[in-house]
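Structure first, then comments.
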Amino acid sequence: MAPVAMDPAPTVGFLATATRLGYLAFFAIMLGWLDSLPSPWFHREQPGDVVSFNLHPVFMGVAFVILMPEALLAYADVEERRGMRHADAKSLHAALNGASSACILVGLCVIFTNHAGHGIPPMYSAHSWIGLASACLVAVQALVGATCYLAPPAWGLVTSETRAGLMPAHRFLGCAAFALGVAAAVAGFAEKQSFVKCADPADKHCAALTLPNWLALLAAAVAACALGAVYARWTADGTRGGEGFGAERERSGRAYASAGGGQPGDGGEDEEAAAAASLVAGGSGVARGGDGARAASRWRTGRQTGSPRES
């Protein structure tokens, strides 16, 4: 018996809403925490400091807990559920990840500069190791994304087959970089707690010590919801083993190309779809019978209406 198709929209919609509520709460509590610190907001801890330490958690928090989750939702929610064109969703995804990468770079410059001014050796904690690993993965992802997916196919930087073949690794490493970044943020809040003292040394429940617990909890919850929305998108049709919206697009692309709507070598999205379809066909067989007809119909409809099925 064929697997029953499941509509992922309610699940993706719920998780996307939870993600956005979570990172808005995170940002609001972050502001309260900054105000509660012994050196509040962006005051420098000591005279002569080049930069305030507090800029580091702000930039890293914005990067990993606000911008990156929204970049994931650009495909899972904004494109698939809300109907944005794939090309526009790709641009949104790239812009959000680009802004996130810029925030990470600023955050790294802040912490290395601040530690150097205080004579603190770099890379001494698990937080710093995990954070640097996530930053390196983000840099690799930015390079791959810009050259393989954002650059127009007409530039000829990579072939369509290469783009299609790299996509599973690009997806996995993107999720891994995001998860590591959130893990580094949680570890960073815990590490900061060990240095902060309440006005009353006996008090262990002042805002400066309590609010990081909420920040860590919200960061983890945002990551879980954003990754859950991505997972729901990947397994959208109720099957397992790599099926989902992506496989449906690949089947649609193959059916459309075979119907004369686009041929490999033409460049653009038709070429990517046909290349991805050829890879899938090699491992799981070509669409058969009614599946192929339905896929061709979906693809033609997407091309005519500008729906998200046109990737």
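Annotation: of all residues in segment 73-98 being basic (Lys, Arg) and more than 22 Å from ALA177 (Cα to Cα), the one that is surrounded by the most Cβ atoms within 10 Å (Cβ to Cβ) is ARG81. None of ALA216, ALA232, ALA202 is closer than 21 Å to LEU24 by Cα and either of a type outside the set (Phe, Trp, Tyr) or touching a strand residue (DSSP E or B) at 6+ places or on another chain (Cβ under 6 Å) (or both) except ALA216.
Checking each residue in segment 40-81 for being within 20 Å of PHE26 (Cα to Cα), more than 13 Å from the chain's Cα centre (by Cα) and in a helix (DSSP H, G or I) picks out LEU55, HIS56, PRO57, VAL58, PHE59, MET60, GLY61. The combined condition, being within 18 Å of ALA71 (Cβ to Cβ), in contact (Cβ under 8 Å) with a residue 40 or more places away in the chain and among the small types (Gly, Ala, Ser), is not fulfilled by ALA208. Within segment 129-152, being more than 16 Å from PHE178 (Cβ to Cβ) and modelled with pLDDT of 95 or more holds for one residue alone: TRP129.
From the list PHE26, PHE53, the lone residue that is among the aromatic types (Phe, Trp, Tyr), crowded, with 17+ Cβ neighbours inside 10 Å and at pLDDT 95 or above is PHE26.
The values are calculated or read from the model by the stated rules, or taken from the named source; none is laboratory data. Here the structure is a predicted model, which means the values were calculated and not measured. We place every Cβ from the backbone using ideal geometry, glycine too, and count neighbours over all the protein chains shown.
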